[in-house]
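Asks: Input: one structure, supplied below.
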Amino acid sequence: MAPTPPKDRPNRYTYAAAGVDIDAGNELVRAIGPLAASTRRPGSDAALGGFGGLFDLAACGFKDPVLVAANDGVGTKLKVAIEADIHDTVGIDLVAMSVNDLVVQGAEPLFFLDYYATGKLHVDVARDVVAGIAEGCRQAGCALIGGETAEMPGMYAKGDYDLAGFAVGAVERDQILPRSDVRPGDVLLGLSSSGFHSNGYSLVRRIVDDERLSYSAPFPHGNGASIGEVLLTPTRIYVKAMLRAIRETGAVKAMAHITGGGFVENIPRVLPDGINVEIDGASWAMPPVFRWLMALGGIEDAEMGRTFNCGIGMVVVVAESEADKVTAVLADAGETVQRIGRLTEATAGAPRVSVKGALGSKA
């Protein structure tokens, strides 16, 4: 039997008084319902409110599918969003970081779930974040079928929030990438990035703080955009273009999503032993935002290359004879493509990835 509070000490405790606003959570669910519905695709109606999200794989037309799963976050790019008070783009980043990892294995993203955690739920901020998530799902062609919002007083500083995303895709068993016929002589196609994407922001923020810059100040090369707006340019989603290239050409052998670690760490992940990579750093021009940060922080070339994508967000491996065909399909799908290097036979003592000149040094 529950104890009865003394008459002189009425029960004054509620969940809301402890810092958790159930009504605000319900308001958010109502606000984001139409956003989720806008991401409907075959296999899902993208409705929210159940204990789990449903997806009908048979409705997608796969014959012998293998499921591929990925999860990621946005890192300290969130701190830039919070300090700049711009919240409608980091959701695109959240989706991008997972679905770009799916497509490198040849998988079509099917559905996405998000996790949003904060100390105090501000419905307008959370709705902006989810609006970005829905936009990312539309760009990737996947359904937003569920998620979780956690209000945890005392866990986060005032105004802070955190994000995690989870994506599931599918690929026919005989079309899984990388293929087994990757070999020396194959060429590397680089797809332009939209900026830093979602990597290296602890270094970006450190330089901005040390230089005492404001995120609201004009970016020197931004055509009127602020530093915050430029730094929050969302991660490019390569899914639809890459799926088109895979399906129309049949020539894509492997892909590498260039995230933290740059070319040196990410390209070898999709290559067999015995194959090295030669990158021609002068085959593309590093975008202005990278040059700006590099000069501002006095960052050396090697450090740029191991921290940032330096202007290339996805690398595609194809036979040299197929390079022009794949490039044409990707360009028609809206991508900017450069031939940035080739694969070579490994030799004793040679680095796995070598770079001729500085990355992005094209005049």
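Asks: Give me the percent of accessible area attributable to carbon and sulfur for the chain, probe 1.4 angstrom. Present the calculation step by step, with values, prior to reporting the outcome.
Replies: Numbers: 8720 of 17190 Å².
That fraction is 51 percent.
Asks: Ala150's amide H: which non-local residues (gap 5+, or another chain) put their own amide H closer than 5 Å, with H modeled 1.01 Å from N in plane and none for Pro or chain starts?
Replies: Those qualifying (amide H under 5 Å, at least 5 residues apart or on another chain) are Tyr116, Ala117, Thr118.
Asks: Of the chain, which part is the longest with no GluC sites (Glu not before Pro) in a loop (DSSP not H, G, I, E, B) and with at most 12 other C-beta atoms within 10 angstrom?
Replies: Working: sites that count: Glu211, Glu300.
Value returned for the longest uninterrupted segment is 1-210.
Asks: Quick one: Kirkwood hydrodynamic radius for the stretch 199-321, alpha-carbon pairs, angstrom, one decimal? List each step's numbers first, then the result.
Replies: Values: mean 1/r = 0.0609 Å⁻¹.
After inverting the mean inverse Cα-Cα distance, the result is 16.4 Å.
Asks: Send over a whole-number figure in Å² for the accessible area per residue of the chain, probe 1.4 Å. Intermediate values should be presented prior to the final figure.
Replies: Details: 17190 Å² over 363 residues.
For the chain, the per-residue accessible area is 47 Å².
Asks: Between the stretch 95-121 and the stretch 231-272, how far is it from one alpha carbon centroid to the other, in angstrom?
Replies: The distance from the Cα centre of the stretch 95-121 to that of the stretch 231-272 comes to 16 Å.
Asks: Okay, moving on. In whole Hz, with x marking every Gly and Pro, tabulate ³J(HN,Hα) for the stretch 294-301 from phi via Karplus 6.51 cos²θ - 1.76 cosθ + 1.60, θ = phi - 60°.
Replies: 4, 5, 4, x, x, 7, 6, 3
Asks: Also: Is the shape of the stretch 71-171 best called rounded, prolate or oblate, per the rule: a/c under 1.5 gives rounded, else a/b larger than b/c gives prolate, else oblate, with a ≥ b ≥ c the square roots of the Cα gyration tensor eigenvalues? Could the numbers behind the result be given before it?
Replies: Numbers: a/c = 2.15, a/b = 1.99, b/c = 1.08.
Prolate, because a/c is 1.5 or more and a/b exceeds b/c.
Asks: Let me ask something else. Once you have a ≥ b ≥ c as the square roots of the Cα gyration tensor eigenvalues for the stretch 250-363, tell me rounded if a/c is under 1.5, and otherwise prolate or oblate according to whether a/b is larger than b/c.
Replies: Details: a/c = 1.99, a/b = 1.21, b/c = 1.65.
Oblate, since a/c reaches 1.5 and b/c is not below a/b.
Asks: Still on this model: Give the value in nm², to one decimal: projected area of the alpha carbon convex hull of the stretch 132-262, averaged over all directions. Numbers along the way, then the final one.
Replies: Details: hull surface 49.5 nm².
Across all orientations, the stretch 132-262 yields a mean hull projection of 12.4 nm².
Asks: In the stretch 47-105, which chymotrypsin sites (Phe, Trp or Tyr not before Pro) fall in coil by DSSP and have 15 or fewer other Cβ atoms within 10 Å?
Replies: On the way: sites: Phe51, Phe55, Phe62; in loops: Phe51, Phe55, Phe62.
Within the stretch 47-105, the qualifying chymotrypsin sites (Phe, Trp or Tyr not before Pro) (loop, at most 15 other Cβ atoms within 10 Å) are Phe51.
Asks: Follow-up. Just to check I understand the Karplus step: with θ = phi - 60° and J = 6.51 cos²θ - 1.76 cosθ + 1.60, what whole-Hz values come out for the stretch 197-208, glycine and proline as x?
Replies: 6, 10, 10, x, 6, 5, 6, 4, 5, 4, 5, 4
Asks: Of the DSSP beta bridges with both residues in the chain, give the percent that are antiparallel, rounding to the nearest 5.
Replies: Working: 41 of 53 bridges.
Of the beta bridges lying entirely in the chain, close to 75 percent run antiparallel.
Asks: Continuing with this model, one more query. Calculated from DSSP H runs of 4 or more alone, at -39500 (n - 2.57) each and per residue, what is the 222 nm mean residue ellipticity of the chain, nearest 500?
Replies: Values: 11 runs with 114 residues, N = 363.
-9500 deg cm²/dmol, from helical runs alone.
Asks: Which distance in Å, rounded to a whole number, links the C-alpha centroids of the stretch 25-71 and the stretch 189-218?
Replies: Here the two parts' Cα centres lie 33 Å apart.
The values are calculated or read from the model by the stated rules, or taken from the named source; none is laboratory data. Bear in mind that the values here come from a model prediction, so they are computed numbers and not experimental data. Counting neighbours? That spans all protein chains shown, and the Cβs are built from the backbone with ideal geometry, glycine included. Heavy atoms of the whole protein, side chains included, go into the accessibility calculation; ligands, DNA and RNA do not. Shrake-Rupley method; radii C 1.70, N 1.55, O 1.52, S 1.80 Å.
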